[in-house]
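First the structure, in the form of structure tokens, and then the observations on it.
Bear in mind that the values in this text are calculations on the coordinates, not laboratory data. Since the model is a prediction, treat every value here as computed from it, not as a measurement. When we count neighbours, we look across all protein chains shown, and the Cβ atoms used for this are built from the backbone with ideal geometry, even at glycine.
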Amino acid sequence: MAEDRIVSLHGKWQVSQVGGKVSLQGNVPGLVHHDLIEQGIVGDPFSRMNEADQQWVGDATWEYSRTFVLNSRQAARGAIILNCDSLDTLAEVFVNDHKVAATDNMFVRWRWSIKDFAREGENNIRIVFKPVNPVMKERGEAYHLDLKRRCFTPWGPAHRNLVRKSPCHGDWDWGPCFLTQGIPQDIYIECRDGGRLLYVNNLQEHNAGRVSVTLRAFIDMPRAAKVRLTFDLGGQVGSIEADLEAGETRLDHTLTVENPRLWWPNGYGPQSLYALRVELESEGENDVVDQEIGLRRIELVTEDDEAGQSFYFRVNGLAVFAKGANWIPTDSFETRVTDESLAWELESAAAAHHNMIRIWGGGLYESERFYRMCDRMGIMVWQECIFACGYYPVNPEFLDSVRLEVRHQVRRIAAHASLALWCGNNEIEQLFDRGRPDFDTLLVEYDQLFIQTIMPIVNAEAPQVTYWPSSASNGVREFGNPQDESRGDVHFWEVWHGGKPASRYLEVKPRFSSEFGFQSFSSPDLMDRYTLPEDRNVCSRVLDFHQRNARGSGQIFTHIPGHFKSPVGYENTVYISQALQALSLKVACEHWYRIKPHNMGNLIWQLNDIWPVTSWASLEYDGGWKILHYYEKRFYAPLLVSTVEHDGRLEVWGTSEVNGKLTGTLRVRVLDFDGRELFADERDASLSAMQSKVLASFDRTALCPAGHEEQRRFVAIDLDCGEYTSRNEHFFSVFKYLDLKKPCIRWDLKVSGDEVTMAIQSDTLAPFVWIRTGGIPGRWSDNGMHLRPAEEQTVVFYPRRETTPGELKPSIVMHDLYSAAQG
Ligand code: BMA
């Protein structure tokens, strides 16, 4: 019986503050801070400015203890191993008061033999967590180079790079500082005589009509023994026998899948997955691993071309435009993330046509369920090693620890169909400060860590996945300008951090845009839960506290006058900030999509939030969709119609990521704001597979004479290619100068089948109509859209929990551009 071999240590542990007053029954897996919140010992850490008063939690020493029982059979087994998937972070582990080990890396899976200390009957285990701050500081001061980095709070640790803990636990320019401690993942004791399957990976060779899958099992044997290993890949069965030595061994076995059903990213085909079961039998025991395997080839193609060097992902031979966003930890306390909330956020990405997510190097290697969801949803993963925005030490103990970490994480994640890239770090090459007198040494050490230590491990453990040294970068040991538009990936921040107008995006032609973004305020529906009425002004002390970027909310206000009239009141200010964010990213994303295949990726900074905050995210902390996320759904669609004005002409572009020819109709109409048609053009349109091109070009003056007319008319564009359609609007003037009238917006909720829909219509042009649903969580099929005059639109509501129209109706709040500027 397998369960006889595993003694789970999940459940209640005694958690006590060493030398302090707090003592409670805590949960494992869990974090001290999470328990303190749940038991009401501290208030909500995200509420108002509570973070400032809760730093004592991370600065204290905490002891976790409990007992466990081994029966006589378990105690007699050859191997008794304590397995901890993650200890956060500086832990000393004792079993029956014998010190088992001390740890300093939360990303390592620890496995220690406790055979010498454990006994039949009752045992005790104690894990003492020391605060990281003093150790970081001590190590930083002892190091021969100054590795201090900037912080965003007075309590953020400047020496965070010296201890292997999530960098953003110590604050970020979108996140609070909570130096968490505890046992956030699985912990158990294994009692066995036979072997254990530590990881199962696969290598694939794709040939016409078949894929050879080499299954690679990593086995831990307590002693030398004969083993039998059986593989069942979707009904294809194979097995091998071997005599293994004690310790870790790798066994490979190849199976062939004929007529494979391939795995495709979201939007390019099905996410076919094959069930894989691997069973290890030895010494009369067995161990089983179940996985879902996707058969696919994902390559990063960096080849010299006339513009420099390409940077794109080729999946099963097809060059795919990467569309998506950057992922940060989705709660300061990882144990609070539920399956439901994670699924909601990733489904939100998939629903907005994302096919790639970049797990940013300042956060966490994500959980198994995260990658499984990405496999199922077709979201390719750009995975970073967890190093960001700072220089790291390279003393032997640190490098040894990093080797353990990276080997474990690469083996753990390697089997996933969604895994597209391993990247060394976030923005360290970009940080290179060549003016520093010790820069040569820093560069040598950078190379030692990311090129000489990490790269060979990734290459050996995930030989079919490319290693890219840093984001942004020009490539391995190509220490040029990471913002080089001719090669590599680029983080284009001139609009937000550089204060340039959004039109600046149009002048830039990167090969792959892995970061760019613009902030907005989070909606009142979220922030009302974390603030008091007196805080509800975007410049209040509390809302400034929920803004961590040095540019601050002022940057939003700098850009508003370029596009919008000044909003009236708190809620309208939030609304306008979200419209501004959507507009800004629309310019970038449409342009960089249009210029494919020169540019082959748009990854917006950022998808999600770690707490309720003003940030670049398109999803709010509670998963609510900002206007930007609805825009992503439109401009990331497989078919996009968009416009460019230049040299007195208006070009209408069609951009397709559909792997087949499209034919249909392009309708271009100029309307006044009451819906009168002033110009109409209808023509056949066609796009070959994956093509982006000009579908029509008009003399601008034929559509709109210069002068006041620019404020009175707009272009309504509809591209209809049957299964694929796209609509867009073009304006001749900035929104603030449009002669808008007060719209009369009529809407009605209907139930059709099990869906709640809203029919919505405005008598006059109403740009950026935003439908909020107050406290009712969910999303619409579209929102923030421009209501064309007298044209009914129907949007579907997707509730996050069961909701009736009767409940929904009174919670609806509607915003429109005209009314936002009225007193
Ligand atoms: C980047 C990221 C983060 C940061 C973001 C916004 O470049 O890598 O470090 O949060 O910009 O400033």
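A few notes on this one:
- Full extension of the segment from VAL237 to ASP290, taken as 0.36 nm per residue of separation minus the current Cα-Cα distance, would add 17.7 nm.
- Residues ARG713, ARG669, arranged from fewest to most other Cβ atoms within 10 angstrom of their Cβ, appear as ARG669, ARG713.
- 0 to 90° range, to nearest 10: angle between helix 132-142 axis and the chain longest Cα axis: 80 degrees
- Segments 699-706, 442-449, 778-785 sorted - mean Cβ within 10 Å per residue, highest first: 778-785, 442-449, 699-706
- Distance between modelled label sites at ASP146 and ALA319, nm, 7 Å Cα→Cβ extension: 4.6 nm
- Charging the Cβ of each Asp and Glu at -1 and of each Lys and Arg at +1, and nothing else, the dipole of segment 591-749 about its Cα centre rounds to 80 debye.
- Overall form of segment 316-429 per C-alpha gyration tensor (a/c, 1.5; a/b vs b/c): prolate
- Mean Cα-pair separation over length for segment 568-707, i.e. relative contact order, pairs under 8 Å, 6 or more apart, %: 18 percent
- Alpha carbon centroid spacing (whole Å) that separates segment 685-724 from segment 475-525: 27 Å
- Residue-averaged [θ]222 nm for the chain, counting only DSSP H segments that reach four residues, each worth -39500 (n - 2.57): -5500 deg cm²/dmol
- Cα radius of gyration and Dmax for segment 542-610 (Å): 14.6, 45
- Inter-site label distance for GLU807 and GLN691 at 7 Å from Cα along Cβ, in nm: 4.9 nm
- Helix 554-563 axis, angle to the chain major axis (alpha carbon atoms, nearest 10°): 30 degrees
- Prolate/oblate/rounded label for segment 105-214 (Cα gyration tensor, a/c 1.5): oblate
- Structural descriptor for the chain: relative contact order 9 percent, calculated from alpha carbon pairs under 8 angstrom and at least 6 residues apart.
- Segment 74-107 versus segment 610-629: alpha-carbon centroid distance in Å: 38 Å
- Working note: Cα atoms of the chain, range along each principal axis, descending, whole Å: 89, 65, 65.
- Residue-wise HN-Hα coupling along segment 123-131, computed from phi with Karplus coefficients 6.51, -1.76, 1.60 (Hz; x: Gly, Pro): 10, 10, 10, 10, 10, 9, 9, 8, x
- Between segment 3-69 and segment 130-191, the alpha-carbon centres lie 18 Å apart.
- Restraint check, LYS148/LYS626; LYS565/LYS626; LYS21/LYS137; LYS500/LYS633; LYS12/LYS99; LYS626/LYS742, Cα-Cα greater than 31 Å: LYS148/LYS626
- Label reach from THR794 (point 7 Å along Cα→C-beta): in segment 713-754, amide nitrogens under 12 Å belong to 750-753.
- Overall form of segment 1-52 per C-alpha gyration tensor (a/c, 1.5; a/b vs b/c): prolate
- Calculated FRET value between ASN537 and GLU729, using beta carbons and R₀ = 30 Å, to 0.05: 0.40
- Nearest 10 degrees, 0 to 90: helix 368-377 Cα axis against the chain principal axis: 40 degrees
- Residue exposure sequence - TRP653, TRP112, TRP422, TRP56 - by fewest surrounding Cβ within 10 Å: TRP56, TRP112, TRP653, TRP422
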